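Comments concern the structure below.
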Amino acid sequence: MNLPVFIANRLGGKDKENLSGPVIRIAVITIALGLAVMILAVAVLIGFQAEIRNKVIGFSAHIQIDNFDSNASYEASPVSIEQSFYPEMEEVEGIRHIQVFALKAGIIKTEDQLHGVVLKGIGPDYDWDFFKKNLIAGSSFQVPDSRISQELLISGRISKKLNLKVGDDVRMYFLSGSEAQPRGRKFIISGIYETGLEEFDEAYVIGDIRHIQSLNNWDSTMVSGFEVFIDDFRKLDEMGEMVYQAIGYDLNAETVTDAYPQIFDWLRLMDINVVIILILMILVAGITIISTLLIMILERTNMIGILKALGIIDNDLRKLFLYLTARIIAKGMLWGNIFGIGIGLVQYYTHIIPLDEASYYISFVPVSLNIIHILLINGATFLICLMMVLIPGYIIGRITPVKAISYR
């Protein structure tokens with residue numbers, strides 16, 4: 001039998017009356033709290049980034065194809081849908097969906113209020129998954145082939161500001177070309193959405209693309225551009241370059257990170273905060289373990305002297321205390337996982353912890369528990385803590401049997 005393991009097992013649970021007993025309990029609690037904080041910090045970071053990223057992508061897609069002269073204008077030159085890549089691009093591996101869109105600035109007018117908006121025109125190929133998840137009233141609408149749909153989707157912000165509800169008639173006015181007189185269109189509100197992204201909720205309404213084609217005097221083949229959705233956000237740059245090369249020299253392809261750099265730079269800055277939290281928690285756990293090991297060595301100086309006198313070498317004694325420390329770390333990590341994952345699951349299913357939606361674009365703390373990330377955090381914590389206890393472990397080599405046996 002492995003002697004250090006045998007002695008470690010015999011010593012297990014014998015410290016309750018000694019100073020090391022409460023110190024070990026404090027060490028277990030410290031490791032548990034540190035690991036729980038690390039698990040939750042990473043889970044909240046990933047969940048928050050995914051929620052905000054998905055909301056921005058829901059409005060503008062992963063990749064947007066339009067004319068070079070668009071420059072974020074709502075009156076851009078049209079693009080023909082008769083392209084070699086549409087809709088065949090959906091067959092390319094990594095491309096989930098491609099759809100047409102058109103934009104036009106307008107004004108919603110009620111009896112006593114005006115509000116500037118952007119009408120986003122959509123076609124029969126539009127993917128409604130994003131808006132269906134964010135609807136707070138009413139429903140989405142279908143774009144029929146036989147006629148122009150008069151239905152309109154507006155945001156909760158616009159609804160509250162203009163006192164509109166599902167089923168209400170609403171008039172919008174647009175300027176077209178060089179015409180001095182604005183053109184009016186009547187719509188019926190079919191649904192109200194709420195994403196929390198003020199930049200979008202304050203401005204965008206969704207309607208039939210044929211309204212924009214008519215207002216701009218375009219034919220049925222003219223659109224503002226195409227929206228491309230991909231399967232894996234991590235391959236965004238790679239897929240963006242592939243799309244750019246596939247569409248020809250006369251069109252431009254822009255990724256969502258290039259279109260909204262301020263949002264994605266803000267999300268990337270959060271990585272630094274989480275890294276700082278991880279470093280601090282691991283350092284606290286490591287220092288606590290070092291302190292615990294020093295106290296254990298101090299209390300067992302007599303035992304170390306006797307074992308040395310019996311012929312046990314320093315490496316075996318270091319292994320003995322390494323095993324004892326590993327058990328403390330493992331116990332703390334067990335409770336840390338229980339608390340961290342447990343709190344994460346409660347928040348995931350209940351959204352019990354709220355957020356200020358005006359500041360964070362979301363009304364609750366989002367959590368994304370990934371088994372790979374949890375395993376990496378556990379593995380890194382265990383290894384770093386064990387490596388840190390090697391330093392005080394060399395104190396054992398400086399203990400002489402004669403002095404240790406007579407130590408009181």
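The values are calculated or read from the model by the stated rules, or taken from the named source; none is laboratory data. Because the structure is a prediction, the values reported are computed rather than measured. We place every Cβ from the backbone using ideal geometry, glycine too, and count neighbours over all the protein chains shown. Heads up: the accessible areas ignore ligands, DNA and RNA and are worked out on the full protein's heavy atoms, side chains in. Shrake-Rupley method; radii C 1.70, N 1.55, O 1.52, S 1.80 Å.
For the stretch 218-235, what does the Karplus curve 6.51 cos²θ - 1.76 cosθ + 1.60, with θ = phi - 60°, yield as ³J(HN,Hα) per residue in whole Hz, taken in order and with x for Gly and Pro?
8, 8, 5, 9, 9, 9, 6, x, 10, 10, 10, 10, 10, 7, 10, 4, 5, 9
Determine ³J(HN,Hα), in whole Hz, for all residues of the stretch 125-132 in sequence, where each value follows from phi through the Karplus function 6.51 cos²θ - 1.76 cosθ + 1.60 and θ = phi - 60°; x replaces Gly and Pro.
8, 6, 8, 8, 3, 5, 6, 4
Which chymotrypsin sites (Phe, Trp or Tyr not before Pro) in the stretch 204-301 sit in a loop by DSSP (not H, G, I, E or B) and have at most 13 other Cβ atoms within 10 Å of their own Cβ?
On the way: sites: Tyr204, Trp218, Phe226, Phe229, Phe233, Tyr244, Tyr249, Phe264, Trp266; in loops: Trp218, Tyr249.
Qualifying residues, ordered by number: Tyr249.
For a quick check of your reading of the filter: which GluC sites (Glu not before Pro) in the stretch 140-198 sit in a DSSP loop and have no more than 13 other Cβ atoms within 10 Å?
On the way: sites: Glu151, Glu179, Glu194, Glu198; in loops: Glu179, Glu194.
Loop-located and lightly packed - Glu179.
Collect residues whose amide H, placed 1.01 Å from N in the peptide plane, falls under 5 Å from the amide H of Leu355; neighbours closer than 5 in sequence don't count.
Phe364, Val365
Taking Rh as the Kirkwood radius, which is the inverse of the mean 1/r over Cα pairs, what is the Rg/Rh value for the chain?
1.22
After finding the eigenvalues of the alpha carbon gyration tensor for the stretch 337-391, what semi-axes result from the square roots of 5 times each, listed largest first in whole Å?
Values: eigenvalues 198, 32, 18 Å².
Largest first, the stretch 337-391 gives 31, 13, 9 Å.
Which ³J(HN,Hα) values in Hz, rounded to whole numbers, follow from the phi angles of the stretch 316-323 under the Karplus curve 6.51 cos²θ - 1.76 cosθ + 1.60, where θ = phi - 60° and Gly and Pro get x?
Couplings: 5, 5, 4, 4, 4, 6, 5, 5 Hz.
Would you mind classifying the stretch 139-210 by shape? Square roots of the alpha carbon gyration tensor eigenvalues, ordered a ≥ b ≥ c; an a/c under 1.5 is rounded, otherwise it is prolate if a/b is larger than b/c and oblate if not. Before the final figure, lay out each step's value.
Values: a/c = 1.78, a/b = 1.23, b/c = 1.44.
Oblate.
What residues have an amide H closer than 5 Å to that of His97, excluding those fewer than 5 places away on the same chain, when H is modeled at 1.01 Å from N in the peptide plane?
Phe229
Grab the alpha carbons of the stretch 207-269, take their convex hull, and tell me the volume per residue in Å³.
Details: hull volume 8.9 nm³, N = 63.
Hull volume over Cα atoms, normalised by residue count, gives 141 Å³.
Considering all alpha-carbon pairs of the stretch 254-300, what whole percent are spaced by more than 14 angstrom?
Details: 733 of 1081 pairs.
Of the Cα pairs, 68 percent sit more than 14 Å apart.
Hey, can you grab everything whose amide H is under 5 Å from the amide H of Ala137? Only 5+ residues off in sequence or another chain; H modelled, so Pro and N-termini drop out.
Under 5 Å from the amide H of Ala137: Ile192.
In this model, which of Lys132/Lys161; Lys133/Lys161; Lys55/Lys109; Lys109/Lys133; Lys104/Lys235 are farther than 25 Å apart at the alpha-carbon?
Numbers: Lys132/Lys161 22 Å; Lys133/Lys161 22 Å; Lys55/Lys109 28 Å; Lys109/Lys133 28 Å; Lys104/Lys235 31 Å.
Pairs exceeding 25 Å: Lys55/Lys109; Lys109/Lys133; Lys104/Lys235.
From the gyration tensor of the Cα coordinates in the stretch 278-382, what semi-axes in whole Å does the equivalent ellipsoid have, largest first, with each one equal to sqrt(5λ)? All intermediate terms of the calculation are to be shown ahead of the outcome.
On the way: eigenvalues 369, 33, 23 Å².
Semi-axes (√(5λ), whole Å): 43, 13, 11.
With r as the distance between the Cβ atoms of Ala330 and Ile136 and R0 = 56 Å, compute the FRET efficiency 1/(1 + (r/R0)^6) and round to 0.05.
Details: r = 47 Å, r/R0 = 0.84.
Rounded to the nearest 0.05, the efficiency is 0.75.
Rg and Dmax of the stretch 144-281, using alpha carbons, in Å: what are they?
Cα only, the stretch 144-281: 20.2, 65 Å (Rg, Dmax).
I'd like the distance between the alpha-carbon centres of the stretch 76-134 and the stretch 189-203, rounded to an integer number of Å.
15 Å
Using only the C-alpha atoms of the stretch 69-182, find the volume of their convex hull and express it per residue in Å³.
Considering the Cα atoms of the stretch 69-182, their hull volume per residue is 163 Å³.
Rounded to the nearest whole Å², what accessible area per residue is found for the chain with the 1.4 Å probe?
Numbers: 20970 Å² over 408 residues.
I get 51 Å² per residue for this part.
Counting helices only, and only those DSSP H runs with n ≥ 4, report the 222 nm mean residue ellipticity of the chain as the sum of -39,500 (n - 2.57) divided by its residues, in deg cm²/dmol to the nearest 500. Show your work: numbers first, answer last.
Numbers: 14 runs with 205 residues, N = 408.
Value at 222 nm, helices only: -16500 deg cm²/dmol.
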